[in-house]
């Protein structure tokens with residue numbers, strides 16, 4: 001397969017209002033267009049079962065029970081590390097409501113909740129993404145681990161991919177390949193830029209995990225201008241719980257400069273979702289200091305024919321066969337404030353037979369940010 005890195009620069013807009021913007025393109029994967037049906041903002045600071053509802057970082061849909069499982073990335077500072085079960089009625093008119101049904105603490109191998117990261121970093125859990133395995137009635141979530149190297153401290157904790165039941169009890173974890181272990185030297189994953197996305201294929205035989213930013217061996221982080229970077233998407237055998245391949249995916253440059261110059265800016269992958277046959281929806285999330293909204297681009301990616309780069313480093317720039325990618329949606333065209341989108345899932349089927357796509361944002365528990373749900377209709 002040729003090395004295809006498509007960027008559809010021109011997006012077709014239809015409809016007469018910003019709530020009905022339609023994004024089109026020869027997208028493949030059974031998706032021709034996605035059309036925005038509506039947005040719902042969950043009020044900030046809401047307390048449910050003695051936890052603050054926010055930091056929503058991953059979402060998946062349980063079609064049998066018609067409910068959503070949404071992971072919270074709070075590392076036990078505003079309640080235990082946890083996920084929420086929610087009801088989100090949708091229709092052609094958008095999202096009717098978001099109802100929090102349950103809060104479930106995550107339990108470690110010993111059956112206890114994880115520690116507050118501000119008191120014990122090593123035994124904490126910085127969770128980021130989660131998928132529901134309907135075949136086994138289990139949940140799979142990822143953590144970022146810790147590479148804390150400041151103020152004379154050196155706290156190292158490997159990331160994890162954990163299997164639990166729906167009551168939050170730990171069942172097992174996946175074996176990490178050696179290049180995904182946290183190290184004191186500048187090797188392996190960067191701090192706070194590890195397992196941000198999780199996907200499962202249609203028969204739940206494989207689990208895919210995306211790394212938010214380049215590992216040290218693969219070169220520099222994305223910067224401004226035309227300074228792109230490479231991240232990895234890992235393929236795990238679900239039964240063996242072992243990594244069987246790694247693929248290269250090229251992320252865009254950071255869309256906007258930071259203000260002031262030199263301040264924090266980032267572009268990386270905040271979630272992935274499998275569409276079957278090694279095809280994915282990939283969320284690239286950019287942020288620059290001085291700019292309140294995030295810059296969210298949604299891509300369709302294809303790993304069919306991509307080379308296994310497990311034994312390679314990417315800093316040479318000679319990647320022969322990375323994932324192909326096509327731009328499906330730049331959320332800047334929606335004409336509204338877009339926050340920190342970190343989760344995506346397929347939702348229920350509409351009366352017209354079309355599937356839905358639901359995105360959620362992580363408000364970071366910040367007063368100036370929002371927990372947003374965006375509902376799209378998939379036009380095949």
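Here, each number is a calculation from the coordinates, and none is a lab measurement. Please read these numbers as outputs of a predicted model, since none were measured by experiment. With ideal geometry, Cβ positions are generated from the backbone for all residues, glycine too; neighbour counts draw on all protein chains shown.
I'd like the distance between the alpha-carbon centres of segment 123-142 and segment 46-115, rounded to an integer number of Å. So the two Cα centres are separated by 12 Å.
Would segment 118-236 count as rounded, prolate or oblate if I go by the C-alpha gyration tensor, calling it rounded below 1.5 in a/c and otherwise prolate when a/b exceeds b/c, oblate otherwise? It comes out oblate by the Cα gyration axes.
Taking other C-beta atoms within 10 Å as the exposure proxy, 91, 124, 178, 311 rank 311, 178, 91, 124 from fewest upward. Residue order for 163, 140, fewest other beta carbons within 10 angstrom first, comes to 163, 140. For segment 163-228 versus segment 237-287, the spacing of their alpha-carbon centroids is 10 Å. Where a ≥ b ≥ c are the square roots of the eigenvalues of the C-alpha gyration tensor, would you call segment 222-380 rounded, which needs a/c under 1.5, or, failing that, prolate if a/b is larger than b/c, or oblate? Oblate, because a/c is 1.5 or more while a/b does not exceed b/c.
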